[in-house]
Amino acid sequence: MAELIAADKAMDAALALLGAGEVVAIPTETVYGLAGDATNGEAVARIFEAKGRPRFNPLIAHVADMAMAERIGVFDPLSRKLAEKFWPGPLTLVVPLRPGSGIHPLVTAGLDTIALRMPKGFGGTLISRLGRPLAAPSANSSGKISSTSGEAVASDLGARIPLVVDGGSTPVGLESTIVKVEDGRVRLLRPGGVPAGDIEEVAGAPLLRGVTAGIEAPGMLASHYAPGAAMRLNADAVAAGEALLGFGPRRADGWQQARAFLNLSETGDLREAATNLFAHLQALDRSGAELIAVEPIPFDELGEAINDRLARAAAPRDNSHV
Ligand code: TXA
Ligand code: MG
């Protein structure tokens, strides 16, 4: 069973385990990550095992500074500009993998590109102390909702990993935005913690959307983030026995008879809603309701990523990959 140690006391224990090729769950500003040394094949294999994640789905390599990033990936001028603007922070850049980077091929699932991110806080310090990049997917069983607290990680993965570093609730609450620069244009592969509009401002052009060929972000399977309960989005009414996930001050009809009710943000603040999203979904799932009705949420700013995760949570379940 995993030990749960507060972040301000966990650095040495985390370094010792990572140095020995073990995996450790760590807080980042987005969601908790399940980290292992990205240059150590055994450590990376342990990540896939602990999550039950299909090995064709590549991992993000987390770096401490730009020098480490440039040793691993090849940066075009626009990717570098985005890194300078948004790192450390909730943006992941997919760039060509640099030959001789030392990254174990399991991390990229054999692709010739790599997803890179520089996290804030505990993760950033940990990587710079370790001196090596950390491969880290979200710290949840494959196909389940990402964890935004140490306790959520411990109850999901605790039996399969030695340490959960507890940094409290993650401030952003949604995974990073993933982009890839193609011929001087930025393609959005996954909406996330940096709103698309903020990236467009830096890029000076609208983002390209949708994928060109193949599955660009292989983890974007439709039914990712599935809670046990079924979901109904854009609900304007609730039936007795259903749970309700609210947003803003207006309530869906019949909300008084909901089996459980939580509001993402009473004031309709999308940042607050992002922070609460996964924890509220987990809590409503635990209420035992067979269906979670979700009030409409606007698509602007972080609303794009929130609606993306809700759509995946509501999608028909395809368990063939987990
Ligand atoms: O905020 C986050 O991004 C968190 C924290 C822990 O950093 N990590 C996270 O990792 O969400 P994960 O593994 O749950 O999602 C990473 C996504 C997957 O959908 C994967 O398919 C995609 O990134 N990905 C990884 N490498 C890629 C590549 N070379 N090209 C395209 N997509 C890639
Ligand atoms: Mg994930």
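Database remark: amide H of G33 closer than 5 angstrom to the amide H of I26, T28, A139 (H placed geometrically; neighbours at sequence offset of 5 or more, or on other chains; Pro and chain starts carry no H). The per residue volume of the convex hull around the alpha-carbon atoms of segment 1-139 is 95 Å³.
Rounded to the nearest Hz, the phi-derived 3J(HN,Hα) couplings of segment 93-103 under the Karplus curve 6.51 cos²θ - 1.76 cosθ + 1.60 (θ = phi - 60°) are 10, 9, 9, x, 6, 7, x, x, 5, x, 5, where x marks glycine and proline. As a proxy for reagent exposure, ranking T30, T125 by other Cβ atoms within 10 Å from fewest up yields T125, T30. Packing here is the average count of other Cβ atoms within 10 Å per residue, and on that basis the peptides 266-273, 192-199, highest first, run 192-199, 266-273. Taking amide H atoms as placed 1.01 Å from N in the peptide plane, the amide H of A38 lies under 5 Å from those of L134, A135, each 5 or more residues away in sequence or on another chain. What residue among N140, N234, N57 shows peak mean-square fluctuation when the chain is described by a Gaussian network model with Cα springs under 10 Å? In the Gaussian network model the winner is N234. Sorted ascending by nearby beta carbons within 10 Å, beginning with the fewest, E70, E175 become E70, E175.
Backbone phi angles across segment 39-45, fed through the Karplus curve with coefficients 6.51, -1.76 and 1.60 (θ = phi - 60°), yield HN-Hα couplings of 9, 10, x, 5, 4, 5, 4 Hz in residue order; Gly and Pro are listed as x.
Compared with the dominant principal axis of the Cα atoms in the chain, helix 77-86 is inclined by about 60°. Amide H contacts of E3 (H built 1.01 Å from N, in plane; Pro and chain starts excluded): L163, V164 sit under 5 Å, all sequence-distant by 5 or more or on other chains.
Cα centroids of segment 163-197 and segment 235-272: 26 Å apart.
Under 20 Å of direct C-alpha separation, and excluding same-chain neighbours fewer than eight residues apart, K81 reaches these lysines: K120, K180. Couplings 3J(HN,Hα) for segment 259-276, derived from phi with the Karplus relation 6.51 cos²θ - 1.76 cosθ + 1.60 (θ = phi - 60°), are 5, 8, 9, 9, 10, 5, 6, 4, 8, x, 8, 5, 5, 5, 4, 4, 4, 8 Hz, where x marks Gly and Pro. Compared with the dominant principal axis of the Cα atoms in the chain, helix 303-314 is inclined by about 70°. Note on K51: lysines with a C-alpha under 19 Å away, same-chain residues under 8 apart excluded, are K144. Principal axis extents of the C-alpha atoms in the chain (largest first, rounded to whole Å): 60, 48, 37. What share of the DSSP beta bridges in the chain is antiparallel, in percent to the nearest 5? Counting DSSP beta bridges with both partners in the chain, the antiparallel share is about 40 percent.
Every read-out reported here was derived from the displayed coordinates using simple, explicitly stated rules and does not represent laboratory data. Predicted model only: the values in this text are computed from it and were never measured. Positions of Cβ are generated from backbone atoms using ideal geometry, with glycine treated the same way; all protein chains shown enter the neighbour counts.
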